[in-house]
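Novice: One structure is given below, represented as structure tokens, and several questions about it will come after.
Read-outs: derived from the displayed coordinates by stated rules, not from any lab. Owing to the predicted nature of the structure, the values given are computational and were not obtained by experimental measurement. Methodologically, a virtual Cβ is constructed for each residue, glycine included, from the backbone with ideal geometry; neighbour enumeration extends over all protein chains shown.
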2 protein chains.
Amino acid sequence: MILSALLTSVGINLGLCLLFFTLYSILRKQPSNANVYAPRLVVKGKLQRNEFNFERILPSASWLRKAWETSEEELLSVSGLDAVIFMRIFIFSIKIFTFAMTIALILLPINYLGDQLTLADFDLPNKSLESFSISNVNDGSIRLWIHFSAAYIFTAFVCYLLYSEFSYISSKRITCFYSSEPKLHQFTVLVRSIPVSSGISYSESVENFFTEYYPSTYLSHVIVRRTNKLQKLISDADNLSRRLLHMKSRKSTRQKVGRASFLGRKVDLLDQYEKKLEFLVESVRMEQALITGQEVPAAFVSFKSRFGAAVALHIKQGANPTEWNTETAPEPQDVYWPFFSASFMRRWISNYVAVVACIVLTVLFFGPVLLVQSLTHLNQLETWFPFLKGILSMKLVSQVITGYLPSLVLQMFQYFVPPTMIMLSSIQGYIARSQIEKSACYKVLWFTVWNVFFVTVLSGSILYQTNVFLEIKKLPNVLAVAVPGQAEFFIAYVLTSGWTSTSSELFQLIQLIWSFIERNILGRSDDELEVPSVPYHREIPKILFFVLLGITYFFLAPLILPFILVYFCLGYIIFRNQLLNVYAPKYETNGKFWPIVHNLTIFSLVLMHIIAFGIFGLKKMPLASGFMIPLPVMTILFNNYCRRRFLPMFSSYAAECLIKKDKNDQNNPTMDAFYEKLVTAYRDPALSPIQITENIDGLSAPLL
Amino acid sequence: MILSALLTSVGINLGLCLLFFTLYSILRKQPSNANVYAPRLVVKGKLQRNEFNFERILPSASWLRKAWETSEEELLSVSGLDAVIFMRIFIFSIKIFTFAMTIALILLPINYLGDQLTLADFDLPNKSLESFSISNVNDGSIRLWIHFSAAYIFTAFVCYLLYSEFSYISSKRITCFYSSEPKLHQFTVLVRSIPVSSGISYSESVENFFTEYYPSTYLSHVIVRRTNKLQKLISDADNLSRRLLHMKSRKSTRQKVGRASFLGRKVDLLDQYEKKLEFLVESVRMEQALITGQEVPAAFVSFKSRFGAAVALHIKQGANPTEWNTETAPEPQDVYWPFFSASFMRRWISNYVAVVACIVLTVLFFGPVLLVQSLTHLNQLETWFPFLKGILSMKLVSQVITGYLPSLVLQMFQYFVPPTMIMLSSIQGYIARSQIEKSACYKVLWFTVWNVFFVTVLSGSILYQTNVFLEIKKLPNVLAVAVPGQAEFFIAYVLTSGWTSTSSELFQLIQLIWSFIERNILGRSDDELEVPSVPYHREIPKILFFVLLGITYFFLAPLILPFILVYFCLGYIIFRNQLLNVYAPKYETNGKFWPIVHNLTIFSLVLMHIIAFGIFGLKKMPLASGFMIPLPVMTILFNNYCRRRFLPMFSSYAAECLIKKDKNDQNNPTMDAFYEKLVTAYRDPALSPIQITENIDGLSAPLL
């Protein structure tokens, strides 16, 4: 790709970004779009619906100021620790790449002044971007030692940042723990594999066990029941009632406007639906009465103190290690109830199926990626489809195709990956939605790293062989040849998948269209509005992929850095705005997503070292290549230290913290009310009295 | 090797065994040998020293009856659970190989009736042993399906035995726990990485921490101090006092017999030594006073209940995961005190040094092994040393050399391995002697398996290549060719290293000579007698190696089985006798050695499956070869289940057991005395008042 193609791509994306920004700043002020752009505020009732004024149709940047000015404490109180830590990823990346930029200011002229790539003309717009990359530095040049030092200094800086960030977040985690209200899941453990005792039910068994061994701390328990049938019935009833509601509201509107002529058939249908609903509600009621017998050998056991729950959690309970297994209870709203309905065999099999499906999907996806890659090699496309020759020879078309289209297509493909991975994770046997999301996050991340990074890099090079990963010795050289060659593609990728896609996050096109359809065609009301939560499994891998790109390319092709930095700044401001207005947390993991960020950064660093090792070898600097080896070793040792130092703090709280917090609560007057709540908190929602909304007729009471 | 060479070897070893048995049965009745053959009874004072009678010089088998008649309960009460489990290895092996023998009765005629190895003559004494092995079965013969079924049936039987044995031992472990007296280490945890607090000592820090967070269960603590200097001084003083004692006793003897002429110089030396000892004792006293300042950030913290200790053990204590680390405390006499004197850096480095040294030793040992192996190929030896031709052509010499010498030499080499491995393990950073011994046990085991099994097997074959383990695909074929060829060598190995060496364990030649020297030349008295403990790190790998041999060879060359079975029967009766008379346990791990046995048996089974896979391939039975694959998979799944089902019971006790036991103790009147003992139990022995024995002068009081 030449510089002009890059500029075309920058132009297109910048235009799109500006368009999105402008549209957003106008559309967000229209009250009808509040459901899309500020559902949080709508639900909380914080949004005052002001009358029409002229300002409403002018673009403005007031939202920018508000997003900028919100402090971390405010964000914490509004959106929880997970959101704060999500924003820390941006801050962390901005810090890294600002530092990288200052190093790049030294590297860029050195690269440019080399003449390894003897170029015919010195015409800047047509000059290949490669002249800014390390490929342009002469072989064996003493200047390469500057690149060498850059790798060391940058690694040291990133490790220092990683350490301070990990330390900051884990201390934040403990601070939040100390300052938080009592949380239900802190007092509860999930007990599984309750042994069968003759003559008594699981529930009695649990009661006997814990009253005998934990008489002073045991509070209560809720046995889990198999409710898959019931869940199905309730969701049917819910759908039906919603449809009924919609029909009634239309009927009343039409009656108001006097169009009663075609109502005969409709009324019949309405009656029919109402009867069906009644039948369904009756079935639910019967099923709920019946289900009390279908116990699963699992129970949520609650204790009077956090420390009591921790003791039950960490000490093996039963003399037989396969019985009375305890694990941390998720928050009640985080429990993934379908897990308990599946039989052991089904869970066992679907776990394997999910793993295999995930691997197959990840590996086979390189087909589409290769197709996309062929677009960057126009001449190849011309030989395949000769009839395109005429169109492809046009300058603008060729620039759009090489500069913009490949990454757009790639991005479209990737759109379907996160939902697929969530689906795979959910059949893998996790008991909490947050665990499912975290697992999907890892899956999407490795999918992206493999398919977007490795396959793109290796397909672009002539050396592409699938078995390169089996010959570890050759890997550094192969990467050193292939990675710098793909710098232009990744710059374009940052522009499309980074800039534009993040701006479209602000604009929320799909939600906008959907909301329009809902309101005007389906006629749904605001009351059914569901506030979305941040799709971490989609966003975190996307952000981290740019971290990977930035770290691996920072000394190969520093020209990518400004684009990445702009992306992170955009993302920072946009996601702050979204967290304040759009997304509300569905559960709180207290920052359990951070280790993913840490791991990926360490992986990126080591990958960068491997590429550097290869590059210095290719550039005839065996000494520099050799001195590169201690760097990944030290990085991995550093990582091991961090894992030992911080990771245990993310899995559970220490006795010190738990006991302190318990002592503080002893004087808390609300604890009695809390204990009362605790007793019923972990009841399966399917067993609660069924709530059917019929508020058109003013009827919103529970039917049961 | 031909049958006659085997018979020679059997003759030699049987003769040696009988000789050892006879000598033992006479020598054990001589009161002067009681220190060698019954040190346990001597120390306990149970041995009545009867007068001379004629019976004393006649061999008798009364000890056999006694060893046989002792029940498992008696053994348990006398020697503890570890000894019982040590004996279970023999029982387990006898069960396995009795079953294998019944299968072998079917396999042997099948092997013998094949004619794959077309032998010139049918002269039984000269017939090669190979005609009894699977190599003799015709390629593609339908009879090989019998071998195939044998592998399946045998694996199923061994797995069944493994399961029931694991289950028996873990239930025994819990029974012993319930029936045991309160043990010091059950109430104690070792706390390491105590953080530095400004102004207060580690001891105060521990006191504050545990009184704050465990007010109801915390009892006391003993801070660990750096005592390496002191230990050195005490051992010096001890040696000197012993020498002094010896000199005094000689003096008094000589004075009694009236030889006072040469005493002038001696008396000077005696005075000199006495002064030196006084000085040393003074130094120890000063050092003991000084050392109170040199605290190490580690402490033994004792609790009022077992459950209290378990809570502190299993829950992370400090908010910073690298501080307040807890681990199970070993028994007081099991603590390896030098561990605490080593600095962190020294421990870290010596750990790596130990691992590397162990690997290097294991790998490089194949030099001597290859040398030994060359002995089995006489013609090669003749070409190397032509002058030996005359001697080697003698029939008896050649039979001795091929049949007996190689395994004898190998055994001599191996004699030095266990002490080396103990040495390596002790610098690796274990806090307990039992852990060191267990680690050394694993090291010796893999050393034996690698050097005696794999190197012997592969060196004997033409296909020997060091990199065969890097090409996993070829491994089954290489093993299938090589393993059956070494059957004769291993039969000889069972004879020497099994039969004779176990009988010599009974005879205790080295101890006998040493005791003779001590008594008659060094003139030591019985009071210094130290009862040895079973050298598990030497014996368990030896026994397990025969299990490996038996399992891998059972269907290849069933002729090895009777020899192995005889070995196990011998070992069973001899070690029972030794446990009753010679060895006393130094510490009790409650059967933590059993998982080693389990793991090795699983390894042997899988190895057998791999060889079978290769053999059936070579014998042109691709179907049988293919159907062999599920067997190792199922075995490994079975192993995983066992690890989940039983292994956690070997690392710690469950809450259920701990609380039950604690409740039982509440009515125990001796608990107060026990708590008093607990407070000081974990004091470093180097800090106790120094005990110098000077009982010749009637002076045996502590000097401090």
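Novice: Could you line up A:T155, A:T552 from fewest to most neighbouring Cβ atoms inside 10 Å?
Specialist: So the residues, fewest neighbours to most, are A:T155, A:T552.
Novice: As a check on your reading of the symmetry: which chain B residue has its Cβ nearest the axis that brings B onto A, and how far is it in Å?
Specialist: Measuring from each Cβ to the axis, the minimum is at B:H314, 2.
Novice: Please list the non-local residues whose amide H lies under 5 Å from the amide H of B:A432, H modeled 1.01 Å from N, same-chain partners needing a gap of 5 or more.
Specialist: B:Y336
Novice: Quick one: Cα convex hull volume of the protein assembly as shown, Å³ per residue?
Specialist: About 285 Å³ per residue, rounded to a whole number.
Novice: Follow-up. What longest range of chain A stays clear of loop-exposed GluC sites (Glu not before Pro) (DSSP non-H/G/I/E/B, at most 11 other C-beta within 10 angstrom)?
Specialist: A:52-470
Novice: Measuring from a point 7 Å out along Cα→Cβ, what nm distances, shortest first, does A:L529 have to its partners in the other copies?
Specialist: 9.2
Novice: Measure nothing fancy, just the Cα-based angle from helix B:433-448's long axis to the longest principal axis of chain B, in degrees from 0 to 90, nearest 10.
Specialist: Taking the Cα atoms of chain B, the angle to B:433-448 is about 20 degrees.
Novice: Given R₀ = 41 Å, what would the calculated FRET efficiency be for B:L105 paired with A:E212, taking r from the Cβ atoms and rounding to 0.05?
Specialist: About 0.15, to the nearest 0.05.
Novice: May I pose another question? If you wrap a convex hull around the Cα atoms of the stretch B:138-231, how much volume per residue is inside, in Å³?
Specialist: 286 Å³
Novice: Let me ask you something else. At A:K389 and A:W450, where each label point lies 7 Å from the Cα along Cα→Cβ, what is the point-to-point distance in nanometres?
Specialist: Rounded to a tenth, the inter-label distance reads 4.1 nm.
Novice: Another question about this same structure. In what order do B:V397, B:V417 fall by count of nearby beta-carbon atoms within 10 Å, going from fewest to most?
Specialist: With the sparsest Cβ surroundings first, the list reads B:V397, B:V417.
Novice: Measuring from a point 7 Å out along Cα→Cβ, what nm distances, shortest first, does B:P59 have to its partners in the other copies?
Specialist: 10.8
Novice: While we're here: Let's see if you can work this out: charge +1 on each Lys and Arg Cβ, -1 on each Asp and Glu Cβ, no other charges. What is the dipole magnitude of chain B about its Cα centre, in debye to the nearest 20?
Specialist: The dipole magnitude comes to about 560 debye.
Novice: Once you charge only the Cβ atoms, +1 for Lys and Arg and -1 for Asp and Glu, what is the size of the charge dipole of the protein assembly as shown about its Cα centre, to the nearest 20 debye?
Specialist: For the protein assembly as shown, the charge dipole is close to 280 debye.
Novice: Right, something else. Could you tally the net charge around A:D236, taking each other residue with its Cβ under 12 Å from the Cβ of A:D236, Lys/Arg +1 and Asp/Glu -1?
Specialist: Computed value for this residue: +3.
Novice: Something else now. For B:I359, place a label point 7 Å out from Cα along the Cα→Cβ vector, do the same in each other copy, and report the separations in nm, one decimal, smallest first.
Specialist: Ordered by distance, the counterparts are at 2.7 nm.
Novice: Still on this structure, I have one more. ³J(HN,Hα) across the stretch B:281-287 via Karplus (A = 6.51, B = -1.76, C = 1.60, θ = phi - 60°), whole Hz, x for Gly/Pro?
Specialist: Those phi angles translate into 4, 4, 4, 4, 4, 5, 4 Hz.
Novice: If one puts a single equal scatterer on every Cα of chain B and applies the Debye formula without solvent, what log₁₀ I(q)/I(0) results at q = 0.11 Å⁻¹?
Specialist: Normalising to I(0) and taking log10 leaves -1.30.
Novice: If neighbour count is taken as other Cβ atoms inside 10 Å, put B:L637, B:L618, A:L370 in order from fewest to most.
Specialist: B:L637, A:L370, B:L618
Novice: Let me ask another. In straight Cα distance, which lysines are under 23 Å from A:K304, not counting same-chain residues fewer than 8 positions off?
Specialist: Reachable lysines: A:K183, A:K316, A:K660, A:K661, A:K663, A:K677, B:K304, B:K316, B:K660, B:K663.
Novice: Quick query: amide H of A:V296 versus all other amide H atoms, modeled in the peptide plane; which residues come in under 5 Å with a sequence gap of 5 or more or a different chain?
Specialist: Sorted by chain and number, the residues that satisfy this are A:V224, A:R225, A:R226.
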